[in-house]
1. For the range 79-185, state which chymotrypsin sites (Phe, Trp or Tyr not before Pro) are in a DSSP loop and have at most 13 other beta carbons lying within 10 Å of their beta carbon.
2. Normalising by the residue count of the range 107-185, find the relative contact order in percent from Cα pairs under 8 Å and 6+ residues apart.
3. Taking Cα pairs under 8 Å and at least six residues apart, what relative contact order does the range 4-183 come out at, in percent?
4. Do the alpha carbons of any pairs in 91/121; 91/116; 64/146; 116/169; 121/169 sit beyond 28 Å of each other, and which pairs?
5. How long are the semi-axes of the equivalent ellipsoid of the range 1-107, taking √(5λ) for every eigenvalue λ of the Cα gyration tensor, in whole Å from largest down?
6. Test of understanding: extend the Cα→C-beta vector of residue 121 to 7 Å, then name every residue of the range 158-185 with backbone N under 19 Å from that spot.
7. Would you list the P(r) distribution for the range 4-183, with all Cα-Cα distances sorted into 10 Å bins from 0 and each bin expressed as a whole %?
8. Measure of size requested: the Rg and Dmax of the range 47-96, with Cα atoms as the atom set and Å as the unit; please supply both.
Amino acid sequence: VKPVLHGYFRSSCSWRVRIAFALKGIEYDQVAVNLIKDGGQQLAVIQYIDETRPGPRLLPADPKARAQVRMISDLIASGIQPLQNLSVLQKIGVEKLPWAQHFINRGFQALEPILKQTAGKYCVGDEISMADICLIPQVYNAERFKVDVGQYPTIKRLNETLAEIEAFKLSHPSRQPDTPADLQA
């Protein structure tokens, strides 16, 4: 039975799951849910996919590397992304752009030195992991909120590398069935 992903084209959470499916080569059906908010953390879904489907590991076998992947993933999915969700920004009102920029920059200031220590070709060493799955949607959001990602050279380099990988291209918000025509690639 094909899995069904209930998601929204621009949801970071849905995007992370789409990347995991694409990396594992899993065919799935999508049901579009027009969200008012982008909330929720779907790392448990990614870990389930990793544990139940063949294909490249999304969590490294090495315990230290696995802990680093979880730390980076949690920092992004729990520490940065929720503070820029639409439901939060709607409460903020007119100050939403500076609010989002502040919390994304604060998160990236914490993330950049960690990635300097853990990164190889990807976030943790030279294998794509759940950390990479979390990074690329967050950088996309940073760019949407006009954050200068150039201040974070490791984050910028990793994002550029990941953006060239087919699984990341296929899962991009601009290429989803529910993407509005004016935002399609």
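The values are calculated or read from the model by the stated rules, or taken from the named source; none is laboratory data. Keep in mind that this is a model prediction, so the values were computed, not measured. Here the Cβ is made from the backbone with ideal geometry for all residues, glycine too, and neighbour counts use every protein chain on show. These area figures cover heavy atoms from the full protein model, side chains too; ligands, DNA and RNA do not enter into them. Shrake-Rupley method; radii C 1.70, N 1.55, O 1.52, S 1.80 Å.
1. Here no chymotrypsin sites (Phe, Trp or Tyr not before Pro) fit, given the DSSP loop and packing criteria.
2. 24 percent
3. Computed value for the range 4-183: 27 percent relative contact order.
4. Too far apart for the 28 Å limit: 91/121; 91/116; 64/146.
5. Its equivalent ellipsoid spans semi-axes of 28, 20, 8 Å.
6. Within reach of a label on residue 121: 158-170.
7. 10, 40, 38, 12, 1
8. 15.9, 47
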